[in-house]
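Notes to accompany the following structure.
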Amino acid sequence: MEKILELIRKQRPNHQRELSDYLTLPSISSRSDQKEVMMQTAEMTRSMMVKSGLDDAAVYETPGHPVVMGSNRKKIEAPTLLIYGHYDVQPVDPLDEWETPPFQPDIRNNRLFARGSTDDKGQVHAHLKALEAIFSHTGELPLNVVVLVEGEEEIGSPNLVPFLNEHRDALNADLAVVSDTFMWAEGQPAIVCGLRGLLVMEISVTGPNRDLHSGFYGGAVANPIEILARMLAQVKDDNGRILIPGFLDSVTPLTEMERNQIAEIPFDEQEFLSGLSVEKGWGDPDFSILEKLWARPTFEINGLWGGFIDEGVKTVLPAKANAKITMRLVPDQNPQQIADAVSHFFHSIAPASVTVETKRISGGGPGIVIPTDTPAMLAASHALEATFGKRPYFSREGVSIPVVNDFREVLGIETLLIGLGLPDARPHSPNENLHLPTYHLGIEAMVRLYHQLATL
């Protein structure tokens, strides 16, 4: 083990150079004109897999962007670990807020700035370098490994579940590990044991058969924007509690032990709010900010539009208004049942003067809670503590990682969520960055993790 770790430390400059090369590829999956770049990035991912000892690594075409998969299954008695990540990245807008070009990696203050540095190329790269270090030193891996890296995570992974079903035998494993989450703080590792799910909907309100002159018709014909605003205002009470009938019925209350676990994690609510230039928090006062972020459902209006919004004035009574809605769901909330409840609610409160249409947008999934007392969780905890010198927190995140539920439903396996990004890594934002000392230690942590898991 020590010789492998020493090899990793000597290779740190090479690791940074290779990762920088990986980050120069603008693999933005939402861009239809990036097909060639996406294939180029997939091929580079495959090449890195081969160097890591996965001699059957290959690029698999899908109706969208390619999936890259490789394996090494030479330890007959050992367990099999599925390592998942994604090589696609978010768009870079607004470009003028980047201090350096997003696909020209730049190192400043021990951080590597580039789109995809933390989400998720840097974390994928850490796993591959850990495997490579073990394989190059010993000629084998301590356990069986399958690595799956897709190119559509940032657009909802529309082709992942069909791929999982089609390649179920090749993906057969005992456990998965995903590094697409975050450390609690620099030097303080965390293992995520809970994620909120996601439900996306669009609501449309239609009034007259065309836009109308507000002088001729205003006051006598319902304005769809006003009606939609009135309806949306009925979703919550003055404290932010969701009032949609049935929305909260299946929410499992936090146990006293769970609330105590969350309360034990050091979190400064005022510092959290001041960092956002917000004086006071929002939402159900019966719950702390962390409880609201990790274990309570949400109903958020992401966009609201209709009528005339260009420069100048147009005295119009619009024919239609629209809203984009996302809901973060907690375990035991069924996304389709919640979608049905939301749809029924808006239809039931709509006045006869308008027509309401609700539509569920594809993607998302249910919330997840992962047991923390399993042998795999304990192995991960030991590996992280041995590397960073601190016992990891078992935390939750309010975001959604649908692949965790996909692995549970399709492959029948649980997932370890071990992230190497820091909280200020700015994923999805300008100046995304990867803290290099954490990245380098993360490679060492994965080496320890693989050896720990091999003994289970």
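Structural remarks
- Candidates 412, 442, 421 - the one that is at positive phi and at pLDDT 95 or above: 412
- Among strands (runs of 3 or more DSSP E) entirely within the range 361-455, having at least 1 residues that are touching a strand residue (DSSP E or B) at 6+ places or on another chain (Cβ under 7 Å) and more than 24 Å from residue 261 (Cβ to Cβ) singles out 433-435.
- Considered as a group, the residues in the range 27-40 that are closer than 14 Å to residue 103 by Cβ and in contact with a helix residue (DSSP H, G or I) (Cβ under 8 Å, 6 or more places away or on another chain) include one that is surrounded by the most Cβ atoms within 10 Å (Cβ to Cβ), and that residue is 27.
- Within the range 111-224, helices (runs of 4 or more DSSP H) holding 1 or more residues that are at pLDDT 95 or above and either within 30 Å of residue 439 (Cα to Cα) or in the same structural domain as residue 54 (by TED's automatic domain parsing) (or both): 121-138, 160-166
- Residue count, the range 225-243 (criterion: in contact (Cβ under 8 Å) with a residue 60 or more places away in the chain and not in a helix (DSSP H, G or I)): 3
- When the range 310-350 is filtered for residues that are over 29 Å from the mean Cα position of the chain (by Cα) and assigned to a loop (DSSP other than H, G, I, E, B), the ones remaining, listed by number, are 310, 311, 312, 313, 314, 315, 318, 319, 350.
The values are calculated or read from the model by the stated rules, or taken from the named source; none is laboratory data. All of these numbers come straight from a predicted model, not from anything done at the bench. Because the Cβ atoms are built from the backbone with ideal geometry, glycine has one as well, and the counts that use them run over all protein chains shown.
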